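The values are calculated or read from the model by the stated rules, or taken from the named source; none is laboratory data. Everything numeric in this text was worked out from a predicted model, so none of it was measured. Glycine also receives a Cβ, built like all others from the backbone with ideal geometry; neighbour counts cover every protein chain displayed. The protein model used for the area step is the full one, side chains on, heavy atoms only, and it has no ligands, DNA or RNA in it. Shrake-Rupley method; radii C 1.70, N 1.55, O 1.52, S 1.80 Å.
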Amino acid sequence: MYYSSRSTQLLLHYSFKQCFVQRQIVKVPKLFVHHSVPVLSPNSKLSSSVPDIKEFILNSNPVLFNEEVEDIVPPYLREIPFHVGKKVYFEAYGCQMNVNDSEYAWAILQKKGYERTNDITEAEVILLVTCSIRDKAEEKIWSRLHALKKLKQESVKSGFPKIGILGCMAERLKKEIVEKQKAVDIVAGPDAYRDLPRLLEECSENSTATINVMLSMDETYADIMPVRFNEKSKKAFVSIMRGCDNMCSYCIVPFTRGRERSRPVSSILEEVKTLSDKGIKEVTLLGQNVNSYRDISESHHVSEHTTSLAKGFKTIYKPKIGGLRFADLLDKVSLIDPEMRIRFTSPHPKDFPDEVLQIVKDRSNICKQLHMPAQSGSTAILEKMRRGYSREDYLELAQKIRNFIPGVTLSSDMIAGFCGETEFDHKDTLSLMREVKFENAFMFAYSMRKKTHAYHKMKDDVPHDVKNRRLREIIDCYHNNLTEILPKHIGKIQLVLVDGTSKKSKIELLGRNDGNIKVVFPDVDIFETVGCVKTEYKRKAEPGDYVVVKITDIRGFTLLGEPLSFVSLTDFSTYYPSPL
């Protein structure tokens, strides 16, 4: 529908925006339903006999307007005064997505004149970017808020610091946060970071907390370049999509981060190119369901093709049609810089069709390391979790990937003690772990979350002590697998990207191989190479260097090695083509 007047468009925009900002129903003036309002095509013209649009607006709701309509500036568009020199301190909890969100929030505040500090005692604004995925994560925040409340009470005369809760916990527990912790001034959900300057302005003027936890159907922060906290690191994270549509019965993410929406591929490529120009050597693509990426931002991306899933996997939602998919994005990202490693997390096993596996296999700079969250090894529990696959489907996919991509490493998530889990179900999980032999795993005891399907339809009936015992057994199983897996690396030649000095020894360097396994080696002079031929020149390794390392031993769950020479990623794939 096209409205002939810019004033009408502005009023429409203003009215609907107010619905979201104030979280209340706004009565739209009769203008929008009155039979006299002309609704025109883009090429139509108003007759001179038609009353002026301003007359309709004033007659419909004169209280709203006492100035020229064209001069109206909605409150959410008004310029907020710059807070030049005010210092903000960030703390991020939970997943890497929250760290990345912190960098988006900081980019927004930096443009408004804020300065960032690493000293909490001099901060005038303290922002906690929170996680709500499990009880333990939220308990950390409650404990931290208790300590910050004391800090604020000591500075009561200055009115600072202002304390804000951002992210998933902010959306889920907004009311409890404000009422339980009187120290909190700002509550902002994952889609409200653009509103932080206004929220900070309002809380400076009022004694009550300011809140914006509205979820968005299209917010991806695509036009904002995050400002990285650690400028010295040669690794970076790039958000490519937000939200999740899977609606697994245990998971709070769809309720705290909303529906899936993907960032335009052009925006992602621009950021990756910028990072490459700054010397970044490894990029991790981020998303709640990263490999379900689907860019439909441009008309030429629309097609009749539906989403391809791994064999035997299904979803609870209808097939999605059209758009550039994850394989397309991997293809384009990997071509930007052949010397930049590409990783991605966190994916869903259903979204590993052949085209994704093929591009991972073909491109030497896409790491041969895939995260495949199983969550359980029991078909009965997987069905309760609404994961969309059986134990057999998962095992078949894992074996297919092992066969298709030589040297691939697999990681997983596991939940102990989900609703109705029996000892038989638990043993199925242990046997799946022994069969797949994950090189890395993230393991947790189940904690029920409000709003989820499990909360409404199931009973959290596995006793706490039983959950903890099963979790210990899952962890032990994983560690036992590692004692079998890691020795197979001894004697192998691997490419290691240097992170820096080892935390345990100043005379050793730490890095990670293609499979994301830690490798430690002596900090000694290393030969430069031309191709893979050593020259007479030597130097010390620095963060961001690729080093050829021969694995010689194991210490705990870390590989130990001997540095042989520097090498480029491209040359290593050419001269050392054998898998890990």
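At a 10 angstrom cut-off on C-beta neighbours, averaged per residue, how do the peptides 427-433, 528-534 rank from highest to lowest?
On the way: 427-433: 19.3, 528-534: 13.4.
Ranked by mean Cβ neighbours within 10 Å, highest first: 427-433, 528-534.
Two decimals, Cα atoms only, Kirkwood Rh: what is Rg/Rh over region 208-287? Before the final figure, lay out the partial values.
Numbers: Rg = 15.1 Å, Rh = 14.4 Å.
For region 208-287, the value is 1.05.
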Of LYS368/LYS492; LYS320/LYS451; LYS281/LYS492; LYS281/LYS368, those spanning more than 19 Å from alpha-carbon to alpha-carbon:
LYS320/LYS451; LYS281/LYS492
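So what's region 443-487 giving for Rg/Rh, alpha carbon basis, Kirkwood Rh from the mean inverse pair distance?
On the way: Rg = 14.7 Å, Rh = 12.5 Å.
Checking Rg against Rh, the ratio lands at 1.18.
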State the volume of the convex hull built on the alpha-carbon positions of region 188-243, expressed per residue in Å³ and rounded to an integer.
109
Values of log10 I(q)/I(0), in the order q = 0.10, 0.13 Å⁻¹, for region 187-327 under a Debye, Cα-only, solvent-free model:
-0.44, -0.72
Using only Cα atoms, figure out Rg for region 335-374 and give it as a multiple of 2.2 N^0.38 Å.
1.19
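For region 271-402, report the accessible area per residue in Å² (1.4 Å probe, heavy atoms, rounded to an integer). Intermediate results must be reported in sequence, preceding the final value.
Working: 5230 Å² over 132 residues.
Heavy-atom SASA per residue in region 271-402 reads 40 Å².
Which of the residue pairs LYS140/LYS518; LYS234/LYS273; LYS350/LYS384; LYS86/LYS235 have a Cα-Cα distance greater than 25 Å in the structure shown? Write out the running numbers ahead of the final one.
On the way: LYS140/LYS518 28 Å; LYS234/LYS273 14 Å; LYS350/LYS384 17 Å; LYS86/LYS235 29 Å.
Violating the 25 Å Cα-Cα cut-off are LYS140/LYS518; LYS86/LYS235.
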Please report, in whole Å, how far the alpha carbons of region 505-580 spread along each principal axis, starting with the longest.
34, 28, 20
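For region 348-407, state the semi-axes of the equivalent ellipsoid (square roots of 5 times the eigenvalues of the alpha-carbon gyration tensor), sorted largest first and rounded to whole angstrom.
Details: eigenvalues 120, 21, 17 Å².
Three semi-axes, in Å: 25, 10, 9.
What is the sum of charges, Lys and Arg at +1 and Asp and Glu at -1, for the other residues whose Cβ falls under 11 Å from the Cβ of PRO226?
Values: positive: ARG228; negative: ASP101, GLU103, GLU271.
Here the count lands on -2.
If you roll a 1.4 Å probe over region 96-208 with all protein chains in place, what percent of the accessible area is carbon or sulfur?
Details: 2230 of 4750 Å².
Reported share for carbon and sulfur atoms: 47 percent.
Would you mind telling me the share, in percent, of accessible area of region 258-416 contributed by carbon and sulfur at probe 1.4 angstrom? Don't jump to the answer; show the numbers that get you there.
Working: 3110 of 6080 Å².
Carbon and sulfur atoms account for 51 percent of the accessible area of region 258-416.
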Show log10 I(q)/I(0) for region 465-520 at q = 0.19, 0.26 Å⁻¹, two decimals, from a solvent-free Debye sum over equal Cα scatterers.
-0.80, -1.00
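What order, most packed first, do the peptides 185-191, 104-110, 148-154 have when packing is the mean number of other Cβ atoms within 10 Å of each residue? Write out the running numbers ahead of the final one.
On the way: 185-191: 25.1, 104-110: 19.7, 148-154: 14.0.
So the order, starting with the most tightly packed, is 185-191, 104-110, 148-154.
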